[in-house]
Amino acid sequence: MRRQEAIYTVVIRGGQSGLSVGYRLQQRGIPFVILDAAPRTGDAWRHRWDSLRLFTPARIDGLDGLAFPAAPNYYPTKDEMADYLEVYVRHFDLPVRLGVKVDRLTRVGERFMVAAGDRVVAADNVVVAMSAWQYSKRPPFAAELAPDIFQIHSRDYRRPAQLPEGDALVVGAGNSGAEIALELSASRRVGLAGRHPGSEPFDVDGWFGSTVGARLMEFILHRVLTRDTALGRKVIATYFGKGAPVVRAKPRQLAAAGVSRVDPITHSRNGLPATADGSTFDVASVIWACGYDPGLEWIDLDILDANVLPRHRLGIVDEAPGLYFVGQPFQYSISSHTIFGVGRDAARVVEAIVARSEAPVGVG
């Protein structure tokens, strides 16, 4: 028998998106709880590779109401970001329940049923506060590679010592793949497979990049490339297929480190990863940095599109009144899934919840 309780608003996931929503709900006096599957706030950051640093300076890495505690132009480590999120929860005394994994979201009448283990929470509003990159994906032919080839997804990669000695192939040339390839190149020969998605035009870690460049990119990503501008809508059309530009591991740096660029891997041949022209790579390790699953199959409502992404209007699901999303890619702008961008989307969603709470019965 599942335990049942009723809470006006349930926020699912307690990362930067969920905490941004929680802060806004608290400011507006809306009763809520944040449910997070992790044992500790910030674990989504802690469990990424050891050398990861943020792509944005501390000046814009704080959530609403609490600045990030570092010099403005400093680029925090992933562990520093995780610790900051933990401090954020304590600072505002946000009602986060850790170790609570939501198994199913359904609707009964006018209320949502949030099932998590042995409990069910009935809610008038639910905010799914998570990115579209939840679970690692590998191509089907990964299972056809020789058993002596070590395989790991970038989600599970932590450091070079995880890999056996010998050549490595990183499949996927976006930010994660490029940074991992650059790190591995110090201890072995590395190939980087995939189409280059382009690069930011400056060195993000230099003086110009951390000051002028960072402010310029913040303005473009937050104010220019939005759903309200013609340029933003044009970028949306290609964004999901092309991916974000590489920030740190630029082509010249990869070349200087001896990383070999190769065509996309399309299949296996004789147990080895192969390109479309049949070229194979006899390597000891393959690091898959080529995709994620949105991880929304637990939502038992007809609101997901063919890519298993939610149909929404700036985070508001018109087909299911009371259901909202924050942290989705290009929810409003390219910055929507970033630390400095989630606050604006969270504010919009919370105002919609406030308006709904103030609407007369039977309206909205």
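Descriptive notes on the structure:
- Between the helical axis of 230-242 and the longest alpha-carbon principal axis of the chain there is an angle of about 60 degrees.
- Under the convention that each Lys and Arg Cβ holds +1 and each Asp and Glu Cβ holds -1, the size of the dipole of the chain around its Cα centre is about 420 debye.
- Look at the Cα gyration tensor of segment 119-267: its axes a ≥ b ≥ c give a/c of at least 1.5 with a/b at or below b/c, and that counts as oblate.
- For segment 262-357: accessible area per residue (Å², 1.4 Å): 37
- Simple point charges give the picture: +1 on the Cβ of Lys and Arg, -1 on the Cβ of Asp and Glu, and for segment 1-151 a dipole about the Cα centre of about 360 debye.
- Peptides ranked, highest mean first, by Cβ atoms within 10 Å: ranges 161-170, 103-112, 17-26, 189-198: 17-26, 189-198, 161-170, 103-112
- Spatially close lysines, pair count over the chain: Cα under 26 Å, gap of eight or more or interchain: 10
- Here the extension length gained between Phe141 and Glu319 equals 60.4 nm, from 0.36 nm per residue of separation less the Cα-Cα distance.
- Of the residues Ala256, Thr238, Leu184, the one whose Cα sits farthest toward the positive end of the charge dipole of the chain, with +1 on the Cβ of Lys and Arg and -1 on the Cβ of Asp and Glu, is Thr238.
- Computed from Cα atoms alone, the Kirkwood hydrodynamic radius reported for segment 236-359 is 18.3 Å.
- With respect to the chain, whose longest principal axis is taken over its alpha-carbon atoms, helix 78-92 is tilted by about 10°.
- Normalised alpha carbon radius of gyration of the chain [divisor 2.2 N^0.38 Å]: 1.04
- Reference-scaled alpha-carbon Rg (2.2 N^0.38 Å with N residues) for segment 80-191: 1.55
- Rounded to whole Å, the principal axis extents of the Cα atoms in segment 208-271 read 50, 30, 13, largest first.
- Counted over segment 1-155, the DSSP beta bridges are approximately 40% antiparallel.
- For the chain, the longest principal axis of the Cα atoms and the long axis of helix 16-27 meet at an angle of about 20 degrees.
- Taking every DSSP beta bridge that has both ends in segment 107-198, the antiparallel portion is near 65%.
- Per residue, the solvent-accessible area of segment 123-214 (1.4 Å probe, heavy atoms of protein chains only, all protein chains present) comes to 43 Å².
- Per-pair calculated FRET efficiency, R0 = 41 Å: Asp205 and Glu351 via Cβ, rounded to 0.05: 0.65
- The residues of segment 1-98 expose on average 46 square angstrom of accessible surface per residue, using a 1.4 Å probe on protein heavy atoms.
- Calculated SAXS-style log₁₀ I(q)/I(0) at q = 0.17, 0.20 Å⁻¹ - segment 44-135, Debye, Cα scatterers: -0.91, -1.07
- Segment 35-85 shape via C-alpha gyration tensor axes, a/c threshold 1.5: oblate
- Just the protein heavy atoms count here, and of the accessible area of the chain at 1.4 Å, carbon and sulfur take up 54 percent.
- Overall form of segment 261-319 per C-alpha gyration tensor (a/c, 1.5; a/b vs b/c): prolate
- Within the assembled protein chains, the solvent-accessible surface assigned to Val212 is about 70 Å², based on a 1.4 Å probe.
- Antiparallel bridge percentage (DSSP; both residues within the chain; nearest 5): 40
The values are calculated or read from the model by the stated rules, or taken from the named source; none is laboratory data. Remember, it's a predicted structure, so these values are computed and weren't measured experimentally. Glycine gets a Cβ as well: all are built from the backbone with ideal geometry, and neighbour counts include every protein chain shown. Side chains are part of the model used for accessible areas, which takes the heavy atoms of the whole protein and leaves out ligands, DNA and RNA. Shrake-Rupley method; radii C 1.70, N 1.55, O 1.52, S 1.80 Å.
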